[in-house]
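The values are calculated or read from the model by the stated rules, or taken from the named source; none is laboratory data. Predicted, not measured: the structure shown is a model, and the values here were computed from it. Backbone-built Cβ (ideal geometry, glycine too); neighbour counts: all protein chains shown.
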Amino acid sequence: MEIIHSIEDMLEKINQLKKSNKQIGFVPTMGFFHDGHTNLMEKAKKDNDIVVTSIFVNPLQFGPNEDYEQYPRDEEKDKLRAEEVGVDILFIPDAKDMYPNKRIIELSIKGRIDVLCGKSRPGHFEGVITVLTKLFHIVQPNKVYFGMKDAQQLAVVSALLNELNFPIELVGVPTIRERDGLAKSSRNVHLNNEEREEAAWLYKALLQGQQLVVDGELNPDIIVKEVSDTIINQTNGVIDYVEIFSYPKLQPITVIDQPVILALAVHFQHARLIDNLIFDKRGQLINHL
């Protein structure tokens, strides 16, 4: 596995690979790898000649009261895990290299961001699309891989690729979960033992909501209330949101008559956890974008 730090060296390497007609799969990350990350890398390995994974904790997507400095990091362990999976190139740029000067061009996005996590994190997705635009130009992948746990991000990336005509295929990969159903996340390490047990109820609550649709309930308000009540009754977490929207457009609906996302975010003492299920009007799960 080759480790590259500078943008200039990365561009040179990509140019060499393109001359050899290599198909490149790209997994952009913020590091602190867990099984969800390595699953994306394994999927990319199956689909492509070369797998590039990036590690970059992007300061632009953290708000003033968010956890940029506290975001977990373990670069040496990440290197070992990436090599074990078979990543060909690990790109680890420095913030000063990615953002060397005060930016005079700012990207903005007007849709798919004023709900779910975007509602309480102003500027977050502008930071996401800015760093991804830079990374896509540097790595020039044929395919890019994202986990469906961050379903709003997946919807935003889909819009970015479509509207800016990036010649890149977006691959959404199903959420990787612990044995009790908790979605794997770098933030799970911040849960204490009691919170960790309670956190398993987030997925159970989502499944209860999905089952209501399977049983014929099409009123989003009733489903949201059922999921919310379960979380309130079974955990000490504070609900940020439990919501249902059309997917991937993320627009409000009054009846479930199309593919939807049932999503939640819950604050524990030192961790904000998100999860979701995407399903059709019959309640059948959709495990791809």
Exercise. So which residues in the range 54-93 are in contact with a Ser or Thr (Cβ under 6 Å, 6 or more places away or on another chain) and either of a type in the set (S, T, N, Q) or modelled with pLDDT under 95 (or both), if there are any at all?
Worked result: LEU60, PRO72
Exercise. How do the pairs read when you match residues in the range 192-203 that are surrounded by 14 or more Cβ atoms within 10 Å (Cβ to Cβ) with residues anywhere that are assigned to a helix (DSSP H, G or I) and at pLDDT below 95, using Cβ under 9 Å and keeping only pairs 6 or more apart or on different chains?
Worked result: ARG196/ASN188; ALA199/ASN188
For this session: Might you let me know whether the range 159-178 holds any residue that is in contact with a strand residue (DSSP E or B) (Cβ under 8 Å, 6 or more places away or on another chain), under 22 Å from PHE245 (Cα atoms) and free of Cβ contacts under 8 Å to residues at least 40 places away in the same chain?
Result: yes
Exercise. Among (1) within 16 Å of ILE261 (Cβ to Cβ); (2) buried (at least 17 other Cβ atoms within 10 Å of the Cβ); (3) in contact with a Ser or Thr (Cβ under 9 Å, 6 or more places away or on another chain); (4) modelled with pLDDT of 95 or more, where does ASP221 come up short?
Worked result: (2)
For this session: Identify the residue in the range 256-283 that is free of Cβ contacts under 8 Å to residues at least 40 places away in the same chain and not in a strand (DSSP E or B) and, among all such residues, is nearest to the chain's Cα centre (by Cα).
Result: PRO259
For this session: Mind checking which helices (runs of 4 or more DSSP H) fall wholly inside the range 115-168 and carry at least 3 residues that are farther than 21 Å from LEU250 by Cα?
Result: 124-139
Seminar exercise, completed: When every residue in the range 1-42 that is touching a residue at least 12 places away in the same chain (Cβ under 8 Å) and among the acidic types (Asp, Glu) is compared, the one surrounded by the most Cβ atoms within 10 Å (Cβ to Cβ) is GLU42
Exercise. Considering only the range 26-46, how many residues are part of a strand (DSSP E or B) and either touching a Pro at 6+ places or on another chain (Cβ under 6 Å) or modelled with pLDDT under 95 (or both)?
Worked result: 1
